[in-house]
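S.K.: Below: one structure in structure tokens.
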Amino acid sequence: MTSLYSLVTAASSVKSMSSSASCAKGIFVLILLDVVYAGIMASATGTAGAVAWVGLKGNSHTRWNKICNIYDKFCRHIGSATCLGLIASILLVLLVVLNAYSLYRRSR
């Protein structure tokens, strides 16, 4: 979902670069949606981390046993996916900040 939104945003940015006047309301909406999708990406990364933690340590309260000693390939995959998701979340937040700063400088 976030990737599709990024492609749509990139296409609208290219389109708006061709026109000299850009709508301030449209720019504000794009930045707001960027922040929303950065939050969604961070939430998904946290969820993957929680699943990885339960797989690694188990949960004694619900009697879920740890499974990483049985399905080690699963744990490697979910650990790698969580790490890559965390990197993608950090990069997305940095891009949102860079975009907001760039638009702020351009408006002055």
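S.K.: Using the basic label-point model (7 angstrom from Cα toward the beta carbon), what is the residue 87 to residue 2 distance in nanometres?
M.R.: 1.4 nm
S.K.: Is it possible to state the helix-based mean residue ellipticity at 222 nm for the chain, with each DSSP H run of 4+ residues giving -39500 (n - 2.57), the sum divided by total residues, to the nearest 500 deg cm²/dmol? What is it?
M.R.: Numbers: 3 runs with 87 residues, N = 108.
Counting only the DSSP helices, I get -29000 deg cm²/dmol.
S.K.: Full-extension gain between residue 97 and residue 64, please, as 0.36 nm times their residue separation minus the C-alpha to C-alpha distance. Each step should come with its number before you reach the end.
M.R.: Details: separation 33, 0.36 × 33 = 11.88 nm, distance 4.04 nm.
Gain on extension, residue 97 to residue 64, equals 7.8 nm.
S.K.: Using the Kyte-Doolittle scale, which helices in the chain average at least 1.0 and also have C-alpha atoms spread 30 Å or more along the helix axis, with helices defined as whole DSSP H runs?
M.R.: Working: long enough: 24-57 (49 Å, 1.45); 72-107 (52 Å, 0.97).
In the chain, the long hydrophobic H runs are 24-57.
S.K.: In debye to the nearest 20, how big a dipole does segment 58-108 give about its Cα centre with +1 on each Lys and Arg Cβ and -1 on each Asp and Glu Cβ?
M.R.: Numbers: 7 positive and 1 negative charges, 39 e Å.
Result for segment 58-108 is approximately 180 debye, rounded to the nearest 20.
S.K.: Moving to a separate point now. What are the principal axis extents of the Cα atoms in the chain, in Å, biggest first?
M.R.: Principal axes ranked by extent give 61, 24, 18 Å for the Cα atoms.
None of the figures in this text is laboratory data; all of them are computed from the coordinates on show. Fair warning: this is a prediction, and the values are worked out from it, not measured in the lab. Please note: Cβ atoms are built from the backbone with ideal geometry, for glycine as well, and neighbour counts cover all protein chains shown.
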